[in-house]
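Any read-out appearing in this document is the output of simple, stated calculations on the displayed coordinates, not a laboratory observation. Computed from a prediction, not measured in an experiment: that's the story for all the values here. Heads up, the Cβs are rebuilt from the backbone with ideal geometry, glycines too, and the neighbour counts pull from every protein chain shown.
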Amino acid sequence: MKLQHLAIIFVIIILPITMVVTQYIQTQIDTIGLQTTYTSKLQNATYDAIKAFQINTINNKYSSVSDSKIRDIEASISTFFNSLGTKLGKNGIDQEALNNYVPAMLYVMYDGYYIYGKYRNESTSSYQYGLKPYIYYSCRYVRGTDDFVVNYSLDNAITVYGNIDGSYETRSGHLIDPSLVTNINEANKTLVYDGETIEREILSEQIVLLNEAGEVINTSSPVTYQYTVYQNAKIYYDPGATDGMTYFWYTDNKKQRIYDQDILNYVTSMTIGGNLYSESAFQYYKEAYEFSTWVNAHMGDITQSNARDMDGNVISDFAVNTGEEKIFRLSSSNNPLLDGSTFNENRISVIRRSIQSNLASAIANYNQGGSSYEFVLPVFSEEDWDKLVNNITVATFLQGIPIGTKYFNNYCIITNDKNEEVVTEDSLYVITQDGEVHLPTCMNILDSTVIGVYSNVSFERQSIHIADDYEVHYYPHANSKCYHCMVNVSATYDIDGLISGTVEFFDSGGNNQTRNIKGSSLRKQYLTALGRERYDLYRTNDYFGV
Amino acid sequence: MGDSFITIIAIFLAAILMFVFPLMSMSERTDDVSQLAVNTATTEFVDTIRTTGKLTLDDYDKYIQTITATGNSFQVDMLVQVLDENPGVKTTQAEMTKIGENLYYNLYTSQIEDTLQSNGRITLKEGDLVSVTVKNTNQTISQLLKNFFYQIAGNDTYQIAAQHAGMVTVNGTK
């Protein structure tokens, strides 16, 4: 056979092989390429959703009220579908079709969560998309004849109801280590918490007021008013008022007169020496002390082995096994404010278990309705769980979109720490004497004099829409942000150090240093603000009292 | 005379058809796969920073390992744009109808690497921008072969490149 023949035979064999391999690799490349694009788009859409929720809640004075919250969440869901629909539009998937690929969306709220998904409407015998009923982070405990349920939340607040020590109890409150609270002085409204005196404080912020005609009253700049919070609503104090409204609510950006004499008596009693004071921090620690003492006495011996599922079986699949450690025995070794406490481990385990089982069933149920793809809950990483159990979070799932050789299946979890749902330890900002605002854990303010600590929401820009081309903007607190901790997040330490009073950090030489900050103005103001902001937060179960 | 001339031509053609063509084709596939790996790794690396709010030495090392595992050497350019809202706050304070501008200041690859070496991490906040561009600096076999047949001019030619960027969506914590 001639050499030329051999060459031709070789080419005939090799050419198809090369072509097939090229085609195959190209398909794989397209698949993975599509997968990464979809993942990015899912992330962006989820971010849009949580941003929509944040903007709506910050600018909505009633955002914490349940009906209003559902409206905000529904707006956020429609933002998600809008955003994802626009992004995937060129891939031929419109908003309508997207519903078939999103088996669930999870909204983690303060004391429970919503799942958006498909459910069967029995009255019309059809499947519908919508928010399923709110689910609380609850766990049932049984001890002898006692049988009660504890509702956890994203912070140290719990609600307890059921038979405890022979009587039916319904109580709600914040848990702290009661041994840290001393010297409660009801007359002066002072107490000492872990060495820091908690007392009345003056709060102030800037607002823009409109007159009855809807025009801005003071067009040059926002005006600073002192305020206090009465039953979760701010009452402002205008000592120089000529319209008779020395105290007023701030509704629709206008002054609203207070008619209720009880409220007027309250704010008058809180006005001392021409200043309006807030005693929320004192009330927070006092009530938390009373509640924690009660919990210690009646629930102090509860351990994980008392936990029961709905069929009455012992729950043994908690994420963290705390064994015989007493969950509600509050002491310095189980301080609910600190991350690693037994209470906190159990709080996280309960939240995690509840979300996992309900989400898994929601996604699995999605299969009913005739889709050929089998929807399942993906396995979350530990880092994802850490996000889910500590903050307001949105988790979205996108499954079953055909991409080349396989189906797309991914999820995205994005947290939000600027909202009016929860006050986390990190979500307070500190104003120092020089007018700068810092994160509470900024290394540069350990020795500074702190003049105020407020929730991070009040450092966000607020906008008032007056006419089509006329909007005014203001910041309730218009402080410039520290370049070491807020603009460039670098010089910070762990928040538990600030709460416990011992800060650990690395010095410039890389050595581990500890420093005692008990008695500093930073810690006193921070603990006061943490109590005040949590006390003033609207809570659905608040009326149960201590 | 004429017969041996044709034989020489045939040997040349056979050499190209049997050796160079398959080699070129396979080396291009290799580059495609490398391109895919680098693209995926870059997207994942940037998305991790965006969703966790932090850039750690660990993640960075892993990323570099993944892309160099393709057998090529790479030049990685990172850019972090740190959002500074202060000018906007100042403008709004002076004039309520104006929102003002946000400024970004930039951290470049060498600064980022320095910080990572000394601190092990860079913490970012919501609104910061991060972008990573990567391209190969060696000549891959497919580039070599291509250059042999048709010259690609200039020094800045590369075969494998990826780019991903986005906004950080969460405040990074310690």
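In table form, for the structure just shown:
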item: Rounded FRET efficiency, nearest 0.05, which uses the C-beta distance separating residue A:167 from residue A:74 and R0 of 56 Å; result: 0.85
item: Computed lengthening from residue A:405 to residue A:372, 0.36 nm per intervening residue step minus Cα-Cα distance; result: 10.3 nm
item: Relative exposure of B:28, A:460, A:383, A:212, judged by other C-beta atoms within 10 Å (fewest first); result: A:212, A:383, A:460, B:28
item: Order of A:278, A:126 - criterion: other Cβ atoms within 10 Å of each residue's Cβ, fewest first; result: A:126, A:278
item: Estimated dipole of the range A:193-307 in Debye, rounded to 20 [Cβ of Lys and Arg +1, of Asp and Glu -1, Cα centre]; result: 240
item: Range of Cα positions in the range A:423-546 per principal axis (Å), largest first; result: 58, 42, 21
item: Kirkwood hydrodynamic radius of the range A:303-366, from inverse mean 1/r over distinct Cα pairs, in Å; result: 12.8
item: Nearest-0.05 FRET efficiency for residue B:137 and residue A:6, computed from C-beta distance (R0 56 Å); result: 0.90
item: Kirkwood Rh and Cα Rg combined as Rg over Rh, evaluated for chain A; result: 1.05
item: Peptide A:383-396 - average C-beta neighbours from other chains (10 Å radius); result: 1
item: Rounded to 5, the percent of DSSP beta bridges in chain A classed as antiparallel; result: 95
item: Within straight-line cross-link reach of residue B:54, aspartates and glutamates at Cα separation under 17 Å, skipping those fewer than 8 residues along the same chain; result: A:382, A:383, A:384, A:386, A:417, A:426, A:494, B:44, B:113, B:114, B:126, B:128
item: Rg/Rg_globular for the range B:1-80, with Rg_globular taken as 2.2 N^0.38 Å and Rg from C-alpha atoms; result: 1.89
item: Estimated FRET transfer efficiency when R0 is 60 angstrom, pair residue A:223-residue B:33 (beta carbons, to 0.05); result: 0.40
item: Dipole axis of the range B:2-167 (+1 Lys, Arg; -1 Asp, Glu on Cβ), positive-most option in B:19, B:89, B:64; result: B:19
item: Rough spin-label spacing in nm, given labels placed 7 Å along Cα→Cβ, for residue A:383 and residue A:261; result: 6.2
item: Charge dipole (debye, nearest 20) of chain A; +1 at Cβ of Lys and Arg, -1 at Cβ of Asp and Glu; result: 1320
item: Size of the range B:2-167 as Cα extents on the principal axes (Å, biggest first); result: 92, 35, 22
item: With eigenvalues of the C-alpha gyration tensor scaled by 5 and rooted, the range A:232-381, Å; result: 47, 28, 12
